[in-house]
Amino acid sequence: MEENTDDNDDNQNSPKDKEHDYMQSSDSYSSKGKKKSGDGPNKQDHYALLGLGHLRYLATEDQIRKSYRETALKHHPDKQAALLLVEETESAKQAKKDEIENRFKAIQEAYEVLIDPVKRRIYDSTDEFDDEIPSDCAPQDFFKVFGPAFLRNGRWSVVQPIPFLGDENTPLKDVDLFYDFWYGFKSWREFPHADEHDLDQAESRDEKRWMERQNAKLSEKARKEEYVRIRALVDNAYKRDPRVLKRKELMKAEKQKKKEAKFMAKKLQEEEAIRIAEEEKRKKEEAEKEAAEAASQQKKIKEKEKKLLRKERTRLRTLSNNVVSQRLLNITNDDVENLCMSLDILKLKDLCDNLETKEGSSQAELLQEAISNTDVSDKDYIPKNVPNGSVKVNGNAPKNNSPKPWGKEEIELLRKGIAKYPKGTSRRWEVISEYIGTNRSVDEILKATKTVLLQKPDATKAFDSFLEKRKPGPVISSPLSTKEESEGVSLTNGSEKADEVVENGVANGEEDVWSSVQVTALIQAVKTFPKEGSQRWERIAAAVPGKTVNDCKKQFTLLKEKFRNKKKYGKTYLIAREFKSNVNHPLENSLNQLLQFVSVQHYKSSYAINE
């Protein structure tokens, strides 16, 4: 009865669903150098000795203390002395005594291990445990297979209590929290190894430290294997969790739906763009068709008016033939033509109708009256060279209302005036108009700032503007030029004065003489205008002052020959450049004369050196 009562008290005090927390040490417990209790094949069950086999790692410290007191009191050797009297022989009594003492010692050892948190954690880590990881299961058996596995491994968690796997109706938020917990799982489990060194057997401090390092390596390896095992459990469960799979399918379907919606929106947008383009094209075609029809109708009207006008003019000429042939009132064909070109169709018709009712001098008087009413100096006068049909129906010539064009000087003055009188100047545009000084109105100036000043320069006229703006370069005397050429004096007549030099520095009668300025201009123009350009030599000749196209071509050929001779003769040409100050020939002298002079000078210098 007393034993049953004790067992009932233990059952009432033991929490069934409560797991108890253990402290995690900072060092490896396998490196403490202490033998693990119960190691080996005859390992004793501490929980069973204290009567806590049904609780094991769930037993609290109070339960362990209470159970130890009861068990120690029950199995104390003094309490078991009566059992020795039952034995008959001394050897049997001694054996029974040793058995009672060993059992009491085992109870004391179990209590020492279980009451110490560090020793108990090591013992619990070596306790029997199912490390099996479920790898596969049917979808309907997922919770039955993986639920107990997570509960079983949850005993090693540092954080207590652990979340539960739940069921099919668990919210996805709790499911995510569950897997987050297990993916960051922290275990307090220790991994004592059979090959660990006993630190108490170390003979020196260095050997002890070496043992600690070896034990730490074994423990770290075991921890990594445990982490891989837990991670495999979580991965297998996450891949087969029906709630996660369902969410993935929903996300995939939603993603596909968004993709299809985006595709349909893009397709509708393209169709709308095509429809708008076709609508615009149709409207444009209709507008062009209407414009063409209107233009055709207008053209027909104009052609009809021109035809009627020509008919009335022919009618007037026919009716005026008698008057002109008889020269009545000195009316000539020119006067009749002026009437034809000056009067509109209505006046011509009235005049012709009146002429048909008259004859002879009466017709001449009518024509004279019409001529007198026509003032040739009037703005309605149209010269004879205006083609038939160019006069409007009312007989008035088209007025030229186009504004006066802006010259280059006016445009430059306008630019300078705008820069000189900035915004904020009182009566700015009137001041700029006075600055330009060409009687331009304010409206014209405002219009020019928006049109003329914004126009880009014409690329086709760039070269012409370059020639206009180019200033004549200074005459630079060449070392090989004659004194008369550098001074601009003509070489044809030695008695003529220096002021008879022609324009651009070219003397009369010496059109083939090239100054250094002209040669430089020719070389620069050849570089500026490539072979592919149109009218190349015309542009080159325009860039060289005082030279024609043929002159430029001849001089260019001569320069090429001199360049080739320079490469051909090499050092001789360089010697000639040293003695060029003594050369009295102009630039156009032949290279043979120059080489002859160089040879003589070279011979003289060689002879002097030999002497």
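The values are calculated or read from the model by the stated rules, or taken from the named source; none is laboratory data. The structure presented is a predicted model; accordingly, all values stated were derived computationally and were not measured. Neighbour counts run over all protein chains shown; Cβ positions are idealised from the backbone, glycine included. Keep in mind that these areas ignore ligands, DNA and RNA; they rest on the heavy atoms of the full protein, side chains included. Shrake-Rupley method; radii C 1.70, N 1.55, O 1.52, S 1.80 Å.
List of remarks:
- Candidate set: region 419-449, residues that are among the aliphatic types (A, V, I, L, M) and open to solvent by 40 Å² or more (accessible area, probe 1.4 Å); chosen: the one nearest to residue 409 (Cα to Cα): 419
- Residue selection: residue 545 satisfies the criterion of being out of contact with any strand residue (DSSP E or B) (no Cβ under 9 Å at 6 or more places or on another chain), at pLDDT 60 or above and not in a helix (DSSP H, G or I).
- Inside region 271-329, residues that are in contact with a Leu (Cβ under 7 Å, 6 or more places away or on another chain) and either in a helix (DSSP H, G or I) or aromatic (Phe, Trp, Tyr) (or both) make up a count of 5.
- Residues of region 202-241 classified as under 30 Å from residue 140 (Cβ atoms) and loosely packed, with under 13 Cβ neighbours inside 10 Å, total: 2
- Among the residues examined, residue 306 does not qualify as among the charged types (D, E, K, R) and closer than 25 Å to residue 372 by Cβ.
- Answer residue from region 189-201, given it is touching a helix residue (DSSP H, G or I) at 6+ places or on another chain (Cβ under 6 Å) and either assigned to a loop (DSSP other than H, G, I, E, B) or of a type in the set (Ser, Thr, Tyr) (or both) and is surrounded by the fewest Cβ atoms within 10 Å (Cβ to Cβ) among those: 193
- Test: residue in region 244-262 that is in contact (Cβ under 8 Å) with a residue 40 or more places away in the chain and closer than 21 Å to residue 147 by Cβ: yes
- Yes/no for residue 109 being closer than 20 Å to residue 52 by Cα and touching a residue at least 24 places away in the same chain (Cβ under 8 Å): yes
- Among residues of region 87-99, those that are out of contact with any helix residue (DSSP H, G or I) (no Cβ under 7 Å at 6 or more places or on another chain) and either surrounded by 14 or more Cβ atoms within 10 Å (Cβ to Cβ) or part of a helix (DSSP H, G or I) (or both), counted: 7
- Checking the stated criteria, residue 398 turns out not to satisfy the condition of being open to solvent by 50 Å² or more (accessible area, probe 1.4 Å) and at pLDDT 70 or above.
- So residue 338, is it open to solvent by 40 Å² or more (accessible area, probe 1.4 Å), closer than 21 Å to residue 368 by Cα and either polar (S, T, N, Q) or part of a loop (DSSP other than H, G, I, E, B) (or both): no
- Pick from region 528-551, criterion within 15 Å of residue 517 (Cα to Cα) and within 48 Å of the chain's Cα centre (by Cα), ranking: surrounded by the most Cβ atoms within 10 Å (Cβ to Cβ): 540
- The criterion of being modelled with pLDDT under 75 and either of a type outside the set (Ser, Thr, Tyr) or open to solvent by 70 Å² or more (accessible area, probe 1.4 Å) (or both) holds for residue 487.
- Taken together, the residues in region 44-63 that are out of contact with any Gly (no Cβ under 8 Å at 6 or more places or on another chain), more than 15 Å from residue 104 (Cβ to Cβ) and open to solvent by 30 Å² or more (accessible area, probe 1.4 Å) amount to 9.
- For residue 110, the conditions (1) over 22 Å from residue 226 (Cβ atoms); (2) surrounded by fewer than 18 Cβ atoms within 10 Å (Cβ to Cβ); (3) not polar (S, T, N, Q) are fulfilled apart from (2).
- Candidates 59, 92 - the one that is closer than 22 Å to residue 154 by Cα and of a type in the set (Gly, Ala, Ser): 59
- Residue in region 212-223 that is in contact (Cβ under 8 Å) with a residue 24 or more places away in the chain, part of a loop (DSSP other than H, G, I, E, B) and of a type outside the set (Asp, Glu) present: no
Residue-by-condition table, conditions (1) open to solvent by 30 Å² or more (accessible area, probe 1.4 Å); (2) assigned to a helix (DSSP H, G or I):
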residue	(1), (2)
119	yes, yes
129	yes, no
132	yes, no
146	no, yes
149	no, yes
152	yes, yes
167	yes, no
178	no, yes
